[in-house]
Amino acid sequence: MNLEKALRFGDRIGGHLVTGHVDGVGEVVKRRKNFLQVKLPPPLARYMATKGSVCIDGVSLTINRVQGLAFEVNLIPHTLKVTTLKRLAPGAKVNLEVDLAARYLERLQELSMEKPSPLQPAEEQQQHSEDIERAVYDGMQDLRVRKERLPE
């Protein structure tokens, strides 16, 4: 297990922002001395970007390359020394946490476009769809009432 102390309010931030939540499970595709390639679940692909961040088993890393449903990271000697990542081999399952900034950007875009996130539970997605349908129906009713009030 990889653990770090949480920041205290007012502490200087010197890396990536992470929460410790698991967004999905990936699979190690390739592993060399200082290199790791991971295949990720399709819903998480949208959050991966070169030079963005990702947490693998609780270790925050910079993404070196993204290709389809796979991403690559470089592992520096210090990271290999102080984490469990040195034990990973092809086929190993790893917990993934997506970039926090990417999550917030998606949420802002989602709110502006009224589109549910694939990470939302199905019940919330259904409720969101019903809310949109209700708003569209109410808007159409409002337009009918206004049309009826217009003089001919």
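The values are calculated or read from the model by the stated rules, or taken from the named source; none is laboratory data. Quick caveat, the model's predicted, so the values are computed rather than measured. Note: ideal-geometry Cβ built from the backbone for every residue, glycine included; neighbour counts use all protein chains shown.
Worth a mention:
- In the range 22-68, the residues that are within 18 Å of THR83 (Cα to Cα) and part of a loop (DSSP other than H, G, I, E, B): VAL22, LYS33, ASN34, ASP57, GLY58
- Residue count for the range 101-112, restricted to those that are touching a residue at least 60 places away in the same chain (Cβ under 8 Å) and either part of a loop (DSSP other than H, G, I, E, B) or surrounded by 17 or more Cβ atoms within 10 Å (Cβ to Cβ) (or both): 1
- Verdict on GLU72 being of a type in the set (Asp, Glu), under 24 Å from LYS33 (Cα atoms) and touching a Cys at 6+ places or on another chain (Cβ under 9 Å): no
- Within the range 8-61, considering residues that are within 16 Å of VAL73 (Cβ to Cβ) and among the β-branched types (Val, Ile, Thr), the one surrounded by the most Cβ atoms within 10 Å (Cβ to Cβ): VAL54
- Check on THR83, surrounded by 18 or more Cβ atoms within 10 Å (Cβ to Cβ), outside the structural domain of GLN127 (by TED's automatic domain parsing) and at pLDDT below 95: yes
Conditions (1) assigned by TED's automatic domain parsing to the domain that holds GLU133; (2) closer than 30 Å to GLU130 by Cβ; (3) modelled with pLDDT of 95 or more, marked per residue:
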residue: GLY10; (1), (2), (3): no, no, no
residue: GLY15; (1), (2), (3): no, no, no
residue: LYS39; (1), (2), (3): no, no, yes
residue: ARG46; (1), (2), (3): no, yes, no
residue: VAL66; (1), (2), (3): no, no, yes
residue: ILE76; (1), (2), (3): no, no, no
residue: ASN95; (1), (2), (3): no, no, yes
residue: LYS115; (1), (2), (3): yes, yes, no
